[in-house]
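Single-structure report; data block below.
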Amino acid sequence: MKVASGGKCKVCKEMFVSVRRLRPQSMGTELRPMDFAEELVSLVLSGAKTATTRLLRDEPSLANIFPGDRVRATCRSAGESALVVLRVQSRTETTLSQISDELAHVEGMENASELCDALRGFYPSLTEVDELTTFHFHVDQ
């Protein structure tokens, strides 16, 4: 996965504009936010990323999100408070040492090693035995 360096990602910015036109009117603050890094936004919006693995100890606001819930995908680092509505399909627990290539693919990554490296970047205190939560989702039309 290539990460945009410096400033706004042009592809992401163009996708923000096109998604604004598709966004449901009901997408207000009543939906809980699930924030995504700027370099992952285009993967979420294109459907290449249909899961996200999180360390709930560092993101306790996600602890009460369960299958069937709708969440507001955000990208605070790009100033986007609402990109699109996601519906959570499932929620599973895993550890860093259990991450598979299959999970990496639905996360929009090439392999387990790439996903583990990304998670270590997001969560510097992450250890091999920390419990991670994976949310599988789809864009809710």
Counted residues in region 91-118 being open to solvent by less than 20 Å² (accessible area, probe 1.4 Å), closer than 23 Å to G68 by Cα and without any contact (Cβ under 8 Å) to a residue 40 or more places away in the chain come to 1
So R76 fits all but one of (1) without any contact (Cβ under 8 Å) to a residue 60 or more places away in the chain; (2) open to solvent by 20 Å² or more (accessible area, probe 1.4 Å); (3) more than 17 Å from E39 (Cα to Cα); what number is the exception? (3)
Matching residues in region 120-141 (in contact with a strand residue (DSSP E or B) (Cβ under 8 Å, 6 or more places away or on another chain) and open to solvent by 60 Å² or more (accessible area, probe 1.4 Å)) number 4
Being over 16 Å from the mean Cα position of the chain (by Cα) and without any contact (Cβ under 8 Å) to a residue 40 or more places away in the chain narrows G68, G121 down to just G68
Quick check on region 47-57. Is at least one of its residues in contact with a Leu (Cβ under 9 Å, 6 or more places away or on another chain), at pLDDT below 95, open to solvent by less than 60 Å² (accessible area, probe 1.4 Å) and not β-branched (V, I, T)? no
In this structure, does T127 turn out to be touching a residue at least 12 places away in the same chain (Cβ under 8 Å), farther than 13 Å from A51 by Cα and of a type in the set (S, T, Y)? yes
Would you kindly identify the strands (runs of 3 or more DSSP E) lying entirely within region 49-141 that contain at least 2 residues that are of a type in the set (D, E) and at negative phi? 80-95
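The values are calculated or read from the model by the stated rules, or taken from the named source; none is laboratory data. If you're wondering where the values come from, they're calculated on a predicted model, not measured in any experiment. When we count neighbours, we look across all protein chains shown, and the Cβ atoms used for this are built from the backbone with ideal geometry, even at glycine. Surface accessibility is based on the protein's heavy atoms, side chains included, excluding ligands, DNA and RNA. Shrake-Rupley method; radii C 1.70, N 1.55, O 1.52, S 1.80 Å.
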